[in-house]
Amino acid sequence: MKNSIRNLVLASLVLSFSEFASAQTTVKLPAPDKSNKMTLMESLEKRHSERSFSDKQLTDVQLSSVLWAACGINRPESGMITAPSAMNRQDVKVYVCRKDGVWLYLPKENALKQITSQDVRKLIAGSQDFVNAAPVVLLLTSNLENKEIGSLDAGYVSQNICLACTALGLATVPRASMDKEALHKALNLAKDEALIVNNPVGFSK
Ligand SMILES: Cc1cc2nc3c(=O)[nH]c(=O)nc-3n(C[C@H](O)[C@H](O)[C@H](O)COP(=O)(O)O)c2cc1C
């Protein structure tokens with residue numbers, strides 16, 4: 001009995017280690033497509049929250065385009081980003097949550113770095129099942145040092161995602177609901193990194 005409990009504990013330790021050990025992969029994204037024709041005013045006119053997603057997957061270019069719009073670098077000479085940021089702290093991180101795990105968006109490299117191979121969409125969905133159907137959920141965190149400012153910064157990034165999705169023919173909804181405690185653990189986040197908002201992204205059903 002004692003041995004089987006010990007084996008169970010060892011097995012779960014190995015499992016969590018392998019989840020984070022596989023987290024070293026970094027993949028380059030294709031360049032974002034900035035050539036869409038919808039104007040900002042049309043995008044504002046059409047933006048709405050969508051809560052029904054088909055199983056159609058995003059292409060890498062679509063994902064790259066939404067991420068660039070979210071908080072990608074728009075002034076390479078200074079490293080400034082598409083979203084305004086208090087004191088230019090650029091403290092908002094965007095995690096791409098998919099079936100194949102969680103990936104951190106690296107704006108400078110235009111790349112994704114794997115954080116875990118765990119599919120955490122269930123932890124984000126809670127009772128809103130439609131979230132599990134979205135091929136991608138963008139999870140936004142910011143630094144807790146100044147929670148109010150951090151939340152504001154994340155709000156700008158989330159709004160960029162909403163408007164970009166509309167312009168690109170994609171569906172999204174900003175959501176504050178999620179199991180923050182479980183996600184904090186699953187992503188192995190630092191104590192001062194707070195989960196603020198998430199945007200499921202995909203195609204309307
Ligand atoms: C900060 C914030 C948190 C939200 N959280 C949720 C949520 O947890 N679940 C959800 O279905 N919608 C959520 N929404 C979306 C709102 O319900 C939605 O924006 C509102 O009903 C207005 O609809 P519209 O976006 O189509 O204009 C949230 C919106 C904001 C701005």
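The values are calculated or read from the model by the stated rules, or taken from the named source; none is laboratory data. Note that the structure is a prediction, hence the values are computed from the model and not measured. Glycine also receives a Cβ, built like all others from the backbone with ideal geometry; neighbour counts cover every protein chain displayed.
Only one of the numbered conditions (1) within 12 Å of the ligand (Cβ to nearest atom); (2) more than 19 Å from Val102 (Cα to Cα); (3) surrounded by fewer than 17 Cβ atoms within 10 Å (Cβ to Cβ) is not met by Ala176, and that is (2). When every residue of segment 31-53 is checked against the conditions, none turns out to be more than 28 Å from Tyr156 (Cβ to Cβ) and either small (Gly, Ala, Ser) or modelled with pLDDT of 95 or more (or both).
Has segment 67-86 got any residue that is on the phi < 0 side of the Ramachandran plot, polar (S, T, N, Q) and touching a Cys at 6+ places or on another chain (Cβ under 9 Å)? Walk me through how you get there before you give the answer.
Residues of segment 67-86 on the phi < 0 side of the Ramachandran plot: 67-78, 80-86.
Now restrict to residues that are polar (S, T, N, Q): 74, 78, 82, 85.
Of the ones still in play, those that are also touching a Cys at 6+ places or on another chain (Cβ under 9 Å) are 82, 85.
Yes, there is a match, as at least one residue in segment 67-86 is on the phi < 0 side of the Ramachandran plot, polar (S, T, N, Q) and touching a Cys at 6+ places or on another chain (Cβ under 9 Å).
Inside segment 45-79, residues that are of a type in the set (A, V, I, L, M) and touching a helix residue (DSSP H, G or I) at 6+ places or on another chain (Cβ under 7 Å) make up a count of 3.
Does Ile196 count as part of a strand (DSSP E or B), within 13 Å of the ligand (Cβ to nearest atom) and of a type in the set (Val, Ile, Thr)?
Against the criterion (part of a strand (DSSP E or B), within 13 Å of the ligand (Cβ to nearest atom) and of a type in the set (Val, Ile, Thr)), Ile196 qualifies.
The set of residues from segment 36-82 being more than 16 Å from the ligand (Cβ to nearest atom) and polar (S, T, N, Q) comprises Asn36, Thr39, Ser54, Gln57, Thr59, Gln62, Ser64, Ser65, Asn74, Ser78, Thr82.
Being on the phi > 0 side of the Ramachandran plot and more than 12 Å from the ligand (Cβ to nearest atom) is the requirement here; does Gly126 meet it? It is false that Gly126 is on the phi > 0 side of the Ramachandran plot and more than 12 Å from the ligand (Cβ to nearest atom). Is it the case that Leu183 is modelled with pLDDT of 95 or more, in a helix (DSSP H, G or I), away from the ligand (no atom under 11 Å from the Cβ) and within 16 Å of the chain's Cα centre (by Cα)? In short, yes. Leu140 falls short on exactly one of the conditions (1) surrounded by fewer than 17 Cβ atoms within 10 Å (Cβ to Cβ); (2) among the aliphatic types (A, V, I, L, M); (3) within 11 Å of the ligand (Cβ to nearest atom), and that condition is (1). Checking the structure you have, find out if any residue of segment 150-157 is away from the ligand (no atom under 14 Å from the Cβ), surrounded by 23 or more Cβ atoms within 10 Å (Cβ to Cβ) and modelled with pLDDT of 95 or more. No, because not a single residue in segment 150-157 is away from the ligand (no atom under 14 Å from the Cβ), surrounded by 23 or more Cβ atoms within 10 Å (Cβ to Cβ) and modelled with pLDDT of 95 or more. The number of residues in segment 114-166 that are of a type outside the set (A, V, I, L, M) and either under 12 Å from the mean Cα position of the chain (by Cα) or outside any helix (DSSP H, G or I) (or both) comes to 15. Evaluate the following for Thr82: is it within 21 Å of Pro200 (Cα to Cα), modelled with pLDDT of 95 or more and surrounded by fewer than 17 Cβ atoms within 10 Å (Cβ to Cβ)? The answer is no for Thr82.
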